[in-house]
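Some notes on the structure that comes next.
The values are calculated or read from the model by the stated rules, or taken from the named source; none is laboratory data. Keep in mind that what you see is a predicted model, and the values were worked out from it rather than measured. Cβ sites come from the backbone with ideal geometry, for glycine too, and all protein chains shown count toward neighbours. Surface accessibility is based on the protein's heavy atoms, side chains included, excluding ligands, DNA and RNA. Shrake-Rupley method; radii C 1.70, N 1.55, O 1.52, S 1.80 Å.
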Amino acid sequence: MFTRRSLLGVGAALGGLAGCGVPPAYVAPGDRAGVDLSARDKRLSWSNWPLYIDTDDEDDSRRPTLEAFEERTGIAVDYTEEINDNDEFFGRIGPALMNHQQTGRDLVVVSDWMCARFVRLGWVQEMDRARQPNVSRHLDPQLRSPAFDPGRAFTVPWQSGITGIAYNRRKVGREIRRVADLWADDLKGRVTLLSGLDEAFALLMQGNGVDVTRWTADDFHTVCDQVASRVRAGHIRRFTGNDYIKDLSSGDVLACQAYSGDVIQLQADDPDVRFVVPEEGGELWSESLMIPNLARHKASAERLVDHYYDPEVAAELAAWVNYVCPVPAARDVLASAKDQETAALAEDPLIFPDDTMRARLAVARDITSRERREFARRWNGIVGL
């Protein structure tokens, strides 16, 4: 399992440039496009996370949905699973982008809170929706206009997910329905929270009744005060990346902050593991596709993005990765599948959230570059990063 944990190392330092008035960091709109070779050079380079695309059951080096694009278009795709951490990747390609140089990549996928940095710095190109009719038609309305990229001009969700609570129903002995339920006395020392600032804060604010689309610095510091107090009291066992999966499976932890897609995979081995979107709400997040500045195959990259918004293709991908599908129309495709297990995925609210669940989901306002240094220092001091 890969992690979205924020290390806040080199990437944080570079990310802060947007708020420090450093002239070389920001790239003006007129300086972002390179010579597009798509018409004569039928290839492109795509960087993604590990285990984030469908593979063939008999040969995991083959990627059926990607091969279908290559066969249909004649465009060869160099697909690289090189992204293991948002900040690490930011630090890897940031120096080239801030110095107006090519990255060697035509398409990348990072978490939306990191996409916000790229967009603010002017490091990605606006996509041409004329080449993307599927995106225009099928993108989930709830994901269409995040605060950092109104109208999704620069980013398109690859997959989405929910940050909520996972717990072992049999071992806890009751339902967990609210964030406050994590702080019950009998769960002391058996609860974990996510270590990454961007991954953790929204759900905790929602537990306080905060509208995370417009949270304030006071809301953030209130959460920090609460978490610090529970760390001192020994209630929070530790802070984790995706390794909460191991703790929950072993029984060392009874309840934790978790990602919806991970829990679907856990439930295959242990049906007692449950995932809940708390009554106060849960965070709906995305990891999105972007075209970096000076990409040499922009038009081909735009075609590839649109390929994955064909409901048939999106359904095939969703059946493999089990995250929230950003193409709601894929639900009907899966529902009509002859295979019963595949058809059942159409009814899974963690892949296709129903109206009741959607009413409790919100896309959180991202942390701005001006806020990040202060907030990261406070949060990392509590977490021990």
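Worth pointing out:
- Accessible area expressed per residue, the chain, with surrounding protein chains retained (probe 1.4 Å, Å²): 41
- Peptides 327-336, 153-162, 340-349 ranked from most to least packed, by the mean per-residue count of other Cβ atoms within 10 Å: 153-162, 327-336, 340-349.
- Once both labels are positioned 7 Å from their Cα atoms along Cα-to-Cβ, the gap between D218 and R232 label points is 2.2 nm.
- Charge context of E371, other residues only, Cβ under 14 angstrom, K/R +1, D/E -1: +4
- Helical runs (DSSP H, four residues minimum) scored at -39500 (n - 2.57) apiece and divided by the length of the chain put the mean residue ellipticity at 222 nm at -10500 deg cm²/dmol.
- Förster-model FRET efficiency, 45 Å R0, D354 and V35, C-beta, rounded to 0.05: 0.45
- Working note: Karplus 6.51/-1.76/1.60 with θ = phi - 60° gives the stretch 321-334 the couplings 8, 6, 8, 5, 7, x, 10, x, 5, 5, 4, 5, 5, 5 Hz, where Gly and Pro are set to x.
- ³J(HN,Hα) computed for each position of the stretch 285-298 - Karplus, 6.51 cos²θ - 1.76 cosθ + 1.60, integer Hz, glycine/proline x: 10, 9, 10, 10, 7, 9, 10, x, 4, 6, 4, 8, 9, 5
- Candidate lysines - alpha carbon under 27 Å from K246, same-chain residues fewer than 8 apart omitted: K171, K188
- Counting only Cβ charges, +1 for Lys and Arg and -1 for Asp and Glu, the dipole size of the stretch 331-385 around its Cα centre is about 680 debye.
- Residues whose amide H lies under 5 Å from that of A76, counting only those 5 or more places away or on a different chain, are R43, L44; hydrogens are built 1.01 Å from N in the peptide plane.
- Oblate is the label for the stretch 98-167. Its Cα gyration tensor axes, ordered a ≥ b ≥ c, give a/c of at least 1.5 and b/c at or above a/b.
- Figure legend: label point modelled 7 angstrom from the Cα of D56 along Cα→Cβ; residues of the stretch 304-322 with amide N under 18 Å from it are 316-317, 320.
- Amide hydrogen proximity for I236: with H placed 1.01 Å from N in the peptide plane, the residues at 5 or more positions away or on another chain lying under 5 Å are G189, V231.
- Dipole size of the chain about its Cα centre, with +1 on Lys/Arg Cβ and -1 on Asp/Glu Cβ: approximately 1380 debye, rounded to the nearest 20.
- Between E81 and R129, full extension at 0.36 nm per residue minus the direct alpha carbon distance yields a gain of 14.6 nm.
- About its Cα centre, the dipole of the stretch 205-356 is roughly 640 debye, where the only charges are +1 on Lys and Arg Cβ and -1 on Asp and Glu Cβ.
- Candidate lysines - alpha carbon under 26 Å from K298, same-chain residues fewer than 8 apart omitted: K42
- Dipole of the stretch 326-385, positive end: most advanced residue of P328, A364, G384 [Cβ charges, Cα centre]: G384
- Between W158 and E287, S288, L289, the built amide H atoms are under 5 Å apart, and every one of these is 5 or more places off in sequence or on another chain.
- For the pair the stretch 84-144 / the stretch 324-346, the C-alpha centres are spaced 28 Å from each other.
- The chain: relative contact order in percent, alpha carbon pairs under 8 Å with at least 6 residues between: 27
- Accessible area of the chain belonging to carbon and sulfur atoms, whole % at 1.4 Å probe: 47
- With the charge dipole of the stretch 73-121 set up from +1 on Lys and Arg Cβ and -1 on Asp and Glu Cβ about the Cα centre, the Cα lying farthest toward the positive end among the listed residues Q101, S111, Y79 is that of Q101.
- Within the stretch 280-307, backbone nitrogen closer than 17 Å to the virtual label 7 Å beyond the Cα of A153 toward Cβ: 290-294
- Whole-Hz ³J(HN,Hα) from phi, Karplus 6.51 cos²θ - 1.76 cosθ + 1.60, for the stretch 218-224, glycine and proline x: 4, 4, 5, 5, 4, 4, 4
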